[in-house]
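Here the structure comes first, spelled out in structure tokens, and everything after it is commentary.
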Amino acid sequence: MKRREDFLLQNVGGQDLLVPIGARVLDMNCLITLNATGRRIWELLAADQTLEYLVAEIAELYDVDPERARADVQAFLDNLGQLGLLET
């Protein structure tokens, strides 16, 4: 899976935000706030990644067990998918 390229990650006032650009501005009238984990997953999704790779990266980065990392990563990816932020 890979992220769409019509959203920019910007840090504004210490908050990491996904900002729609181009035609997506008309489709989505909001900004999306990311925590540190969400930011890292978004950065990793710049290239096509597997769920297993993302889980391993997050588990190692935050020193959590893979089951916990998998649940958190999957929940985040589900949210991105519902918002149309992942390439299909």
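Of the GluC sites (Glu not before Pro) found in the chain, the ones in coil according to DSSP and having at most 13 other Cβ atoms within 10 Å of their Cβ are 5, 87.
Remark: segment 34-41, residue by residue, has Karplus-estimated 3J(HN,Hα) of 10, 8, 4, 5, x, 4, 5, 4 Hz, where x stands for each Gly or Pro and the curve is 6.51 cos²θ - 1.76 cosθ + 1.60 at θ = phi - 60°.
Please give the direction-averaged projected area of the C-alpha convex hull for the chain, in square nanometres with one decimal. Kindly include the intermediate steps, with their values, before the conclusion.
Working: hull surface 22.6 nm².
Value for the chain: 5.7 nm².
Taking the chain as a Gaussian network of alpha-carbon nodes connected by springs under 10 Å, the highest mean-square fluctuation of the residues 72, 63, 16 belongs to 63.
Bear in mind these aren't lab numbers, they're just calculated from the coordinates by the rules spelled out. Treat the numbers as computed from the prediction; the structure is a model and nothing was measured. No Cβ is skipped: glycine too gets one built from the backbone with ideal geometry, and neighbour counts run over all protein chains shown.
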